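The values are calculated or read from the model by the stated rules, or taken from the named source; none is laboratory data. What you see is a predicted model, and the numbers here were worked out from it, not measured in a lab. Cβ atoms come from the backbone with ideal geometry, glycine included; neighbour counts cover every protein chain shown.
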Amino acid sequence: MKIIHISDIHLTIPGEQMGGLDPHARFARALADVAQNHSDATRIIITGDLTHWGEVAAYDTLKEAIAAVDVPVRLLLGNHDNRANFLSVFPDHPVDANGYVNHAETIAGVRYIYLDTVGEQTHAGHFGADRIEWLAAELAECSRARLFLHHNPMPVGLPAEDQIALVAEDQPAFHAVLKEYADRIEYFHFGHVHTPIHGVFQGVPFASVPSTGNQSYPDLREQKWLKGGAMDPAYFVLSIDGDHTLIHQIPFAWEGEIGLYGTEWEDWAKDE
């Protein structure tokens with residue numbers, strides 16, 4: 001099974017740039033690349049920062065863009081999003097009993113759990129007791145699960161970015177849930193940090209995906225300032241086969257030369 005993981009598309013009111021780039025053109029190019037090369041995907045999952053300023057017009061554009069996509073799309077919210085404005089444009093989108101955009105579905109026997117980690121007027125993530133209860137209930141009722149969220153729920157070794165991870169007071173309960181259900185959580189996937197990071201936390205593998213816009217420069221020493229620039233964007237292709245997961249990073253906006261090279265020993269022999 002193939003899952004497309006896209007994040008941090010940061011759509012604006014059409015015509016407005018974000019970070020010196022046209023986010024709509026970048027997103028359209030990513031979707032076109034998926035359509036051309038991965039039309040057999042089971043889902044496209046976009047893990048938040050759907051918009052940059054949470055404006056209704058930006059969500060309208062998103063709705064129009066994904067309406068033309070043949071692969072089913074799942075949407076999550078990020079810190080740049082506005083929950084009320086999102087739901088005004090997507091009124092039929094599932095929410096939990098408390099109104100958070102937490103939702104889930106079962107695909108090929110695996111529970112795909114999509115989390116709403118958004119707080120009010122903060123770039124840090126929030127996942128309090130009411131949301132933890134919902135997540136724990138979902139995990140308790142399944143035998144296999146895969147989590148998708150916007151914020152990194154733990155520090156990732158980037159001090160500046162970790163200022164806006166899941167807030168410290170919400171991390172222990174989230175970590176406890178990961179540890180308790182590590183035997184059934186196959187992976188958790190997030191965006192937010194605009195750079196690829198892979199590892200294992202509480203016994204569960206994880207991966208963060210780059211943005212379709214500007215990328216973070218991973219400075220492991222900088223304490224205050226987020227660093228970033230117009231480096232090549234990417235999305236992930238998750239190839240999932242039972243207990244096996246492969247993650248390919250697709251640099252969809254690369255415009256340089258791409259060569260063709262043989263795989264025989266002689267193909268790499270030094271020219272005399």
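Is there a residue being under 19 Å from Thr122 (Cβ atoms), touching a strand residue (DSSP E or B) at 6+ places or on another chain (Cβ under 7 Å) and either part of a helix (DSSP H, G or I) or in contact (Cβ under 8 Å) with a residue 12 or more places away in the chain (or both) anywhere in segment 195-215? Full working, then the answer.
In the first step, residues of segment 195-215 are kept if they are under 19 Å from Thr122 (Cβ atoms); the result is none.
There is no residue in segment 195-215 that is under 19 Å from Thr122 (Cβ atoms), touching a strand residue (DSSP E or B) at 6+ places or on another chain (Cβ under 7 Å) and either part of a helix (DSSP H, G or I) or in contact (Cβ under 8 Å) with a residue 12 or more places away in the chain (or both).
Restricted to segment 246-271, and to residues that are among the β-branched types (Val, Ile, Thr) and under 16 Å from the mean Cα position of the chain (by Cα), which residue is farthest from Arg144 (Cα to Cα)? First the steps, then the outcome.
Our first condition is that a residue be among the β-branched types (Val, Ile, Thr); within segment 246-271, this holds for 247, 250, 258, 263.
Subsequent filtering for residues that are under 16 Å from the mean Cα position of the chain (by Cα) retains 247, 250.
Details: Ile247: 19, Ile250: 27 Å.
Among those residues, the one meeting the criterion is Ile250.
Step by step: first the residues of segment 95-134, then only those that are at pLDDT 95 or above and of a type in the set (D, E, K, R), then the one that is nearest to the chain's Cα centre (by Cα). Which residue is that?
Asp116
Asp243 passes all but one of (1) under 21 Å from His194 (Cα atoms); (2) touching a residue at least 40 places away in the same chain (Cβ under 8 Å); (3) of a type outside the set (Ser, Thr, Tyr); which number fails?
All conditions pass for Asp243, except number (1).
Look at segment 67-93 and say how many of its residues are free of Cβ contacts under 8 Å to residues at least 12 places away in the same chain and assigned to a helix (DSSP H, G or I).
Of the residues in that region, 2 qualify.
Return a yes/no flag: does segment 135-158 have any residue that is over 30 Å from Ser239 (Cβ atoms) and in a loop (DSSP other than H, G, I, E, B).
Looking through segment 135-158, none of the residues is over 30 Å from Ser239 (Cβ atoms) and in a loop (DSSP other than H, G, I, E, B).
Step by step: first the residues of segment 216-236, then only those that are over 14 Å from the mean Cα position of the chain (by Cα) and free of Cβ contacts under 8 Å to residues at least 60 places away in the same chain, then the one that is farthest from Pro159 (Cα to Cα). Which residue is that?
Only one residue fits best here, namely Asp232.
Pick from segment 151-199 the residues that are over 17 Å from the mean Cα position of the chain (by Cα) and among the polar types (S, T, N, Q): which of them is surrounded by the fewest Cβ atoms within 10 Å (Cβ to Cβ)?
The residue in question is Gln163.
Only residues that are at pLDDT 95 or above, surrounded by fewer than 16 Cβ atoms within 10 Å (Cβ to Cβ) and not aliphatic (A, V, I, L, M): list them for segment 17-51, please.
Passing the criteria: Arg29, Gln36, Asn37, Ser39, Asp40.
If the Cβ limit is 7 Å and pairs must be 6+ apart or interchain, which residue in segment 106-130 that is closer than 15 Å to Leu147 by Cα pairs with which residue that is surrounded by fewer than 21 Cβ atoms within 10 Å (Cβ to Cβ) and of a type in the set (S, T, N, Q)?
Sorted first by the residue in segment 106-130, then by its partner, the pairs are Ile107/Thr42.
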